[in-house]
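The values are calculated or read from the model by the stated rules, or taken from the named source; none is laboratory data. As the structure is a computational prediction, the values presented were derived from the model and not from experiment. Here the Cβ positions follow ideal geometry from the backbone for every residue, glycine too, while neighbour counts run over all protein chains shown.
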């Protein structure tokens, strides 16, 4: 998998010249069609554009059917290319549609949000949500290329920057203590985004290449995600309380750092650093008593579990993470209680 | 991929002992649940059974959703096993559901028809039909094992034997001229089925292992299938004229042998042998003038095409086949006309 961090005016024509596609389609959502598609349109030969409704709630089978139908109507053959232009939803769903259309056509990712640049676009996890379960149906397949142009997220709302930043923080916490000490001394607006995107992509690519199908070491990338995903899923149904991915993961990282501390894996000082910094950036998700049980139940559907037992990736030091640690429901309840108060 | 041809009473317990699954489900259709499931039930530990409606017309997304939902309801994790017990529909659809549930759980194929034993169960082509297009959505993924027990097809109706026999004939024609000369001198009831199953599986496995994703040599397995699939799809909508897979492929093999002859790839003698033998086993599919155009249009959706041009696997001698041969619509029309008269 080739990952290019450079202006699309350079990377896209080079990629297309190296390949010989029978047809090209761009998959966008309503937002990226309006704001990002104009930036690549002129570098493409004749192509088709397919537009999704914007939002995680449309990352479902119905949207897949629409994409498959559009590719079929255009009589795309196996030598066609799908370009996913958007954030995580477009990339995950578009990648899955490409990986399954006629048993697989090529696709490339052009991530347009900070979050998808540092996370979803790298690593080949593709899929859709299914009846309320996040990324429940999907496959692992690497794109032919990931083309990252940091020009896109410079126009993102602060909200989206914060959301992506959570994954950057995660990459520092699990793999680079020195970088963690740099970022935690700066607020959101003082960060060097170009540097951080390259840094995160390098860490993630290195881990994914060691273990593409998540049988082992790749699981460390799930730090913060067992409880984080459960929180995100729990609030998904309620538009007023819905969380951004990064907000949910930030809460998950605090709660899971607490579990790591309780298990003697990390010192109290690291837990305090994480807590203090993440609360300063993300605030605290308001968790009512009635939220706890459903959130804990959702962790049972986590893909890293085994025999109904929750297995977590937990920090075992600054810049270091272990995985497959069994965690009980009682331990998770205690962690959510700690987080709340 | 391990392929065992032996009684399931031996192969299934051995396989399960070598693995350590967190949960097991059996996918069957209404027929195999009744006739085949009793034969394996007692060799399995605690398991769940999921039942599909029987028939190619149910090999669709709706059935996938039902299977995914059943796995979710039973809280199956990534370390679970799905056992596909049935013919091509159960194997293709069940394999696809397993390959995409939580981005992939293990599955094994226990093919219960002659056709699926010699064809679908070997090779990892998984998928479903989509809006009338056969196997349009799917992935390539090999099962953990294929367990073949020839006891199943000994109770199959003659119809099903004939259907599977077409793929056996194809394997001989593309790869083993001596075996072709053996089988073509016997009628359906004189064949040595145990020998032919092992022979076909060995030929297919050998080809698939050289080229699992069908970038090259594997395409020879599509001899007879460009026109055959188009015929099968065309008649699918009409219950009175619907063809068995083997009947459609037999017609495709005759028409495509005619094209090979016209292109100077094979001698007239081989075309005559093929014609004579296949008509004697399968009779002639009744093609009206009005059928020709829709059938020819359907060949444009064939997955082996490139740039809207039909590419065929064509015999280039007895026991030998080439692939990626461009064929025009006029050539196909002439071949269908030849077949009809």
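Worth pointing out:
- Filtering A:176, A:119, A:149 for residues that are in contact (Cβ under 8 Å) with a residue 24 or more places away in the chain, closer than 30 Å to residue B:76 by Cβ and either in contact with a helix residue (DSSP H, G or I) (Cβ under 8 Å, 6 or more places away or on another chain) or within 14 Å of another protein chain (Cβ to nearest Cβ) (or both) leaves a single hit, A:119.
- Residue in region B:134-155 that is outside any loop (DSSP other than H, G, I, E, B), at pLDDT below 95 and over 18 Å from the mean Cα position of the chain (by Cα) present: yes
- Residue count, region B:219-256 (criterion: part of a loop (DSSP other than H, G, I, E, B) and either under 29 Å from residue B:4 (Cβ atoms) or modelled with pLDDT of 95 or more (or both)): 3
- Of all the residues in region A:296-310, those that are closer than 17 Å to residue A:215 by Cβ, touching a strand residue (DSSP E or B) at 6+ places or on another chain (Cβ under 7 Å) and free of Cβ contacts under 8 Å to residues at least 60 places away in the same chain number 1.
- Residue within region B:205-218 that is within 13 Å of chain A (Cβ to nearest Cβ) and assigned to a helix (DSSP H, G or I) present: yes
- Region A:119-133, residues that are in a strand (DSSP E or B) and buried (at least 20 other Cβ atoms within 10 Å of the Cβ): A:125, A:126, A:127, A:128, A:129, A:130
Residues are listed down the side, and each one gets a yes or a no for (1) closer than 29 Å to residue A:74 by Cβ; (2) assigned to a helix (DSSP H, G or I); (3) not assigned by TED's automatic domain parsing to the domain that holds residue B:135:
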position: B:258; (1), (2), (3): no, yes, yes
position: B:261; (1), (2), (3): no, yes, yes
position: B:264; (1), (2), (3): no, no, yes
position: B:272; (1), (2), (3): no, yes, yes
position: B:284; (1), (2), (3): no, no, yes
position: B:294; (1), (2), (3): yes, yes, yes
position: B:299; (1), (2), (3): yes, yes, yes
position: B:313; (1), (2), (3): yes, no, yes
position: B:316; (1), (2), (3): no, no, yes
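- Selection status of residue B:197, part of a helix (DSSP H, G or I) and within 14 Å of chain A (Cβ to nearest Cβ): no
- The criterion of being assigned to a helix (DSSP H, G or I) and either in contact (Cβ under 8 Å) with a residue 12 or more places away in the chain or in the same structural domain as residue B:313 (by TED's automatic domain parsing) (or both) holds for residue B:162.
- Only residues that are more than 27 Å from residue B:191 (Cβ to Cβ) and either away from every other protein chain (no Cβ under 14 Å) or in contact with a strand residue (DSSP E or B) (Cβ under 7 Å, 6 or more places away or on another chain) (or both) were counted across region B:125-146, and they come to 13.
- Residues in region B:86-111 that are outside any helix (DSSP H, G or I), away from chain A (no Cβ under 11 Å) and at pLDDT 95 or above: B:86, B:106, B:107, B:108, B:109, B:110, B:111.
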